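See below for the structure under consideration.
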Amino acid sequence: FNLGVCHQNGRGVGHDLGRMREWYGRAADGGHEEARARLEAMAKVLRLYDRAVGGDDWAMLRLGNHYDPDLEVGRGVVLQDYGEAVMWYQQAAEKGDANAMFNLGVCYANGRGVDQDYGEAVRWYRQAADKGHARAMNNLGACYQNGWGVDQDWGEAVKWYRQAADKGHARSMNHLGWLYLTGQGVGRDYGEAAQWYRKAVDQGSVNAMENLGWMYDMGWGVPQDRTEAARLWHTAAEQGDAISMTCLGHYYHMGLGGLPKDDAQSREWLEKAAEKHRARDTSSTEFGEWELARLQRYHPDIFTSTGDCDDGGSVLFSRAWAADKRGDYGEAARWYRQAAEKGHAAAMFNLG
């Protein structure tokens, strides 16, 4: 039995489901009940193993899923090991399985079970994308957008995001919204940006809810409608989006979007946002200096940032942040500079 455990967990010997089954089988034949129970619990995985060893690419993919710690499919059943997952993904990918190609690309992009190699990630994403895999198309778009493993090429990023979006991929729709908002790789078009955000919202994208909320708040590409902004942010905030929580806190503090002026509600949402902030690095793009400024301005006892955010500086900073959000960086710098001259620490940070 213990030899079976060693082979199951790779302790002192190689991880080997075949040898594990052999030793558990011997123990079970001798009346060892736990060995019998383990074999029964692992019956599905062992069937996959037999099919994978026999050359079934779908079984190889599923076995890789069981080993992959990110997916948690096989947690408590097989050893969670990126290396084992990569081995099975590789075999399935070489047989032409698009999902395995995509998973292998993710492993190379993140250095999981292999050395990080964006070039290899792009190679596998491209092969999966050529087979119509929407998530691979999205990730390939991100590689072109950021210059990961390829020369940065906004046009290629747009092309791959659009192909993924046409297949219903919500994250790519959200990316396209941002590209049209900022004019990266396409002509700036607020109306088109709002349309892509709306499509992503219809697919349930929380990030798109936050972004479309901004479009309605500012009147970018849609008639200004702060009631709709409040609705979108409330939906996103209920699903854990920190920026939407902050926006709701601001709306309740100011009585915007059809919401009553309610400092208790404002404080509640800002406290939730602050808790999100405490749980992650302060440099996170999801919760940055703008949110800290809101917290200090409205409820300074909830969360303290450096510097003094007087009302004048905060208004200027909000204008700068809005310009920054839509990609008008010259306008943003002008407002940041004016806010910084009033001693606004967040504006100083953003100017730097």
task = Using R₀ = 41 Å, calculate the FRET efficiency as 1/(1 + (r/R₀)^6) where r is the Cβ-Cβ separation of residue 224 and residue 71; round to 0.05.
result = 0.45
task = Describe numerically, in nm with one decimal, the distance between label points set 7 Å from Cα along Cα→Cβ at residue 50 and at residue 167.
result = 3.4 nm
request  = Pull out the extension gain between residue 16 and residue 203, defined as 0.36 nm times the separation in residues minus the alpha carbon to alpha carbon distance; nm, one decimal.
outcome  = 63.1 nm
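Mind running the shape call on segment 109-169? Use the C-alpha gyration tensor, a ≥ b ≥ c as the square roots of the eigenvalues: rounded below 1.5 for a/c, prolate if a/b tops b/c, oblate otherwise.
Here segment 109-169 falls in the oblate category.
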request  = Would you work out if segment 1-143 is rounded, prolate or oblate? Take a ≥ b ≥ c from the square roots of the eigenvalues of the alpha-carbon gyration tensor; rounded if a/c is under 1.5, else prolate when a/b is larger than b/c, oblate otherwise.
outcome  = prolate
ask   = Given R₀ = 56 Å, FRET efficiency for residue 58-residue 329 by Cβ-Cβ distance, to 0.05?
value = 0.70
note = Here, residue 265 and residue 231, labelled 7 Å along Cα→Cβ, have an inter-label distance in nm of 1.5 nm
ask   = R0 = 41 Å: FRET efficiency of residue 351 with residue 131, Cβ-based, nearest 0.05?
value = 0.35
ask   = How much length is gained if the chain between residue 275 and residue 159 is pulled fully straight, taking 0.36 nm per residue apart and subtracting their Cα-Cα distance, in nm to one decimal?
value = 38.0 nm
inquiry  = Can you return the aspartates and glutamates within cross-link range of residue 95? Criterion is Cα-Cα under 18 Å, with same-chain partners fewer than 8 residues away left out.
reply    = 50, 56, 57, 84, 120, 130
query = What pairs in 44/131; 44/167; 131/199; 199/261; 131/159 have C-alpha atoms more than 27 Å from each other?
reply = 44/131; 44/167; 199/261
ask   = Taking 0.36 nm per intervening residue step and subtracting the Cα-Cα distance, what contour gain separates residue 87 from residue 5 on full extension?
value = 27.4 nm
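None of the figures in this text is laboratory data; all of them are computed from the coordinates on show. Predicted model only: the values in this text are computed from it and were never measured. With ideal geometry, Cβ positions are generated from the backbone for all residues, glycine too; neighbour counts draw on all protein chains shown.
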